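J.: Pasting a structure below so you can have a look.
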Amino acid sequence: MRKQVKIQEKSKFTTRQTDFDPETGQISWDVEYTPLVDLRNEVEELFEAYKKTIQKYPDDEKLNKLFDVYSSFKRAFKTHVNKRYGR
């Protein structure tokens, strides 16, 4: 089996052939995304956790203001990563 590595410039991921079935011609690949894509997902997960948490403390103005700041950051970060590195 010949190992191949391909890099997609726009999407910023690499693929590596992991298997080849000579009988069926099926090729299996591993895909590794840029760390920014993983970070984008983690930023989204933190946003959801934060949103659930502030619902428990609706009268805490500081938490709500910080949530607004984080929401703006999340949108800007996600937009940048999506445009530059793909979804």
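The values are calculated or read from the model by the stated rules, or taken from the named source; none is laboratory data. The structure displayed is predicted, hence computed values, not measured ones. With ideal geometry, Cβ positions are generated from the backbone for all residues, glycine too; neighbour counts draw on all protein chains shown.
J.: Somewhere in the range 61-78, is a residue in a loop (DSSP other than H, G, I, E, B) and either loosely packed, with under 12 Cβ neighbours inside 10 Å or modelled with pLDDT under 95 (or both)? Can you show your working first?
T.: Taking the range 61-78 and keeping what is in a loop (DSSP other than H, G, I, E, B), we get none.
No, the range 61-78 has no match at all.
J.: Among (1) surrounded by 12 or more Cβ atoms within 10 Å (Cβ to Cβ); (2) charged (D, E, K, R); (3) in a loop (DSSP other than H, G, I, E, B), where does Glu23 come up short?
T.: Going through (1) surrounded by 12 or more Cβ atoms within 10 Å (Cβ to Cβ); (2) charged (D, E, K, R); (3) in a loop (DSSP other than H, G, I, E, B) one by one, Glu23 breaks only (1).
J.: Moving on. In a loop (DSSP other than H, G, I, E, B) and either modelled with pLDDT of 95 or more or loosely packed, with under 11 Cβ neighbours inside 10 Å (or both): does that describe Glu48?
T.: No.
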